[in-house]
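Notes for the one structure printed next.
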Amino acid sequence: MMVFDVAIIGGGPVGLAAIQTLAPSGMKVVLFEKNKVGGTCLNEGCMPTKSLLHSANVFSTTQTANQFGVHVEQASYNYQEVVTRKDQLIDALFKGTTQKVEMSGVTFVQAEAQLNGESSEGLIQILANNNTYQARKVIIGSGSVNLVPPIPGLKESSFISSREALQLTEVPKTLTVIGGGVLGMEFASLFSTFGSKVDLIEMSDEILPTFDPELAGELRKYYESRGIVFHIGAKAEKISNKTITVSKNGETYELTNDLILLAVGRKPAIETLGLESLNVKTKKGAIEVNEQMQTSHPNIYACGDSIGGSMLAHTGLQEGAIAAMGILGMDAKVNYKAIPSAVYTNPELASVGYQECELQEEGIPYEVVKAPMAVSGRFVLDNTMDTPGLFKAFIHKESQEILGIHLLGNPASELIAIGGMAIAQKMTVDQLRSNVFPHPTVSAIFSHAF
């Protein structure tokens, strides 16, 4: 019988962070992964998507180069080469990640793992590859799967998810995206940049409903000017082959495009874990945990997409480390308000901390600080004149503590870390401004905007 100190189910961000934290301790650790090390993010999620988006951004730059005094004659792209570059880069990153796991000293088992109760000695039993493993502690980082809503006719239609979208070797001439969240907007941006006619359906009153609605609205208007047709406050009622019946404001109409991309979100992949064998509690399809990532079973921890929440890779990395620290006897917890989110459109949108609706719901007194990104001279130098850019901050009305930072404009995904650190450290406006930002950089917006 193989006995381990810690068993990790899932080799994505949660598992990798847990290994990094546990490896120096000398504990005997086993990692189970049924697919590829690195998880969804590395292999079929955020990383390959960003590779494609970067190629799209390079092509987009050629279309506006004349505004910078650079003339590119008849710029073109080869999407097969774009995809090949993506595959080569992801393969290299996968090999590097696999090597790190091998060097960590953990035992790696390429198999689906399932909890199977406890032994008479109180060890947790795990089944994998027809073998039984035992562990004193378990960390679950089983990830998530694409959510498929109950739209009549959807399963019978030839829709694709983000996974299949990443494998396309041709740009669709016309495309309907169902879902205006991060995933939907990134793919809409990608394919519209490469020439697709894109319709996007979103049930909420605005795209990107988890972000600041003002900034999301500005981003939508920008992409409308680039040809994307948004169907906001609309619902896909039924699908027949490639035709979607859409309802909006009490009326219905039909949309027909070459391809349907479903991008309505993801759900925790926990159904086959065997949680019931150890009475691990779940709620609304996700595993319940406390601040130390412990489940209802004191020796089982769960993190990342398996517990729902933000379902971001960097959240999973933080939670995996926290779970491992708990096993090592260290007291730590995640400050979720300091975890940023980003949308890798062009321009980017990023957010950290409180949304305005949350402040209103909690009755927190606040002030709003807004400034165009153009108050940073570098932003003006680096962008075309029609590129939207907006800085927005929520400040505690009495203490002047920074409560939320929201950015529209490149490079928002890089800059938002500054806001995250300010919130984590509970900085006031004066404390943040006391830092020196190099000139000229877009980061200087954190000094100029207040």
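Using the C-alpha atoms of the stretch 363-422, what convex hull volume per residue, in cubic angstrom, is computed?
Per residue, the Cα convex hull of the stretch 363-422 comes to 87 Å³.
To the nearest 10 degrees, how steeply does helix 313-327 sit against the main Cα axis of the chain, on a 0 to 90 scale?
Between the helix axis and the principal axis of the chain, the angle is about 30 degrees.
Rounded if a/c is under 1.5, else prolate if a/b is larger than b/c, else oblate: which is the stretch 162-264, with a ≥ b ≥ c the root eigenvalues of its Cα gyration tensor?
Note, shape of the stretch 162-264 comes out oblate.
Which is farthest toward the positive dipole end of the chain among Gly122, Ala350, Val58, measuring Cα position about the Cα centre, with Cβ charges +1 (Lys, Arg) and -1 (Asp, Glu)?
Highest projection toward the positive end goes to Gly122.
Please turn the phi angles of the stretch 28-42 into ³J(HN,Hα) values with the Karplus equation 6.51 cos²θ - 1.76 cosθ + 1.60 (θ = phi - 60°), one per residue in order, whole Hz, x for glycine and proline.
8, 10, 10, 10, 9, 9, 7, 10, 10, 4, x, x, 4, 4, 6
Given the options Met47, Leu278, Phe32, identify the residue whose Cα lies farthest towards the positive end of the charge dipole of the chain (+1 on Cβ of Lys, Arg; -1 on Cβ of Asp, Glu).
Selected residue: Phe32.
From the alpha carbon gyration tensor of the stretch 88-163, can you work out the equivalent ellipsoid semi-axes (sqrt of 5 times each eigenvalue) and give them in Å, largest to smallest?
The equivalent ellipsoid of the stretch 88-163 has semi-axes of 33, 24, 10 Å.
I'd like to know which of Val14, Ser157, Asn410 lies farthest towards the positive end of the charge dipole of the chain, counting +1 on Cβ of Lys and Arg and -1 on Cβ of Asp and Glu.
With unit charges placed on the Cβ atoms, the residue in question is Val14.
Specify the angular offset, from 0 to 90 degrees and rounded to the nearest 10, of the alpha carbon long axis of helix 46-64 from the longest principal axis of the alpha carbons in the chain.
The answer is roughly 10 degrees.
Could you work out Rg/(2.2 N^0.38 Å) for the stretch 337-448, with Rg from alpha carbons only?
Cα-based Rg divided by the globular estimate yields 1.02.
Within the stretch 337-448, how many Lys pairs sit with Cα atoms under 17 Å apart, leaving out pairs fewer than 8 places apart on the same chain?
5
Quick one: of Lys50/Lys173; Lys155/Lys242; Lys137/Lys283, which pairs are farther than 18 Å apart, Cα to Cα?
Lys50/Lys173; Lys137/Lys283
Under 5 Å between amide H atoms, partner at least 5 residues away or on a different chain: which partners does Lys197 have, H built in plane at 1.01 Å?
For Lys197, whose amide H was placed from the backbone, the distant partners under 5 Å are Thr174, Leu175.
Which order, highest average first, do 78-87, 248-257, 181-190 follow once you tally other Cβ atoms within 10 Å for each residue and take the mean per peptide?
181-190, 78-87, 248-257
Gap in Å between the Cα centre of the stretch 279-295 and the Cα centre of the stretch 134-186?
When both Cα centres are located, 24 Å separates them.
Restricting the count to DSSP beta bridges whose residues both fall in the chain, what percent are antiparallel, rounded to a multiple of 5? Please list the in-between numbers first.
Values: 47 of 78 bridges.
Percent antiparallel among DSSP bridges in the chain is about 60.
Of Lys284, Lys197, Lys242, which is the most mobile in a GNM of the chain whose springs link Cα atoms less than 10 angstrom apart?
The residue with the greatest mean-square fluctuation here is Lys284.
Taking Rg and Dmax of the Cα atoms in Å straight from the coordinates, which label in (i) 22.4, 70; (ii) 23.4, 76; (iii) 32.1, 120 is the correct one?
Of the listed options (i) 22.4, 70; (ii) 23.4, 76; (iii) 32.1, 120, (ii) comes from this structure.
Read-outs throughout are calculated quantities, based only on the coordinates presented, and are distinct from any laboratory measurement. Computed from a predicted model, the values in this text were never measured in an experiment. For neighbour counting, all protein chains shown are included, and Cβ atoms are generated from backbone atoms with ideal geometry for every residue, glycine included.
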